[in-house]
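Single-structure report; data block below.
None of the figures in this text is laboratory data; all of them are computed from the coordinates on show. Note that the coordinates shown come from a computational prediction; the quantities given were computed from them, not determined experimentally. Counting neighbours? That spans all protein chains shown, and the Cβs are built from the backbone with ideal geometry, glycine included.
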């Protein structure tokens, strides 16, 4: 009986093996993998159709934003992404930081978003929506002037 169990166990064990060659396919690296040959670009996220069109922002809004926000020192600017970030600067016992995001290729009021952050003496940070809107209006007005000047050339 013991011999029968051993033979039965060997048959089961031998049936698990295979004479077929094991082929392992190396998995493709993912989009976020550092081994990906192409790397990651903003086109991968914005352009799903495979078109080679680049993402640009409206040049009039970009130049107007740089001009209007030039009173504050810039921390970061990205012309392709349409982002401008200023450093904290003092104004009337408060510190102010501005961020501009240009979201459109067209010169439209929805094409720009300004956020004004105010830091008081207690280091409490809040967003000033009224100041943000005033700066947006200044930038849009300046962008319209730049577009008109460009058409007159």
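Our analysis of segment 59-152 gives Rg over Rh at 1.00, with the two radii drawn from alpha carbon positions and Rh computed by the Kirkwood formula. In this rough spin-label picture, where each label sits 7 Å from Cα along the Cβ direction, the residue 75-residue 7 distance is 8.1 nm.
Between residue 131 and residue 109, the modelled labels are 2.3 nm apart [label points 7 Å from Cα along Cα→Cβ]. With both labels modelled 7 Å from their Cα along Cα-to-Cβ, the residue 145 to residue 120 distance reads 3.5 nm.
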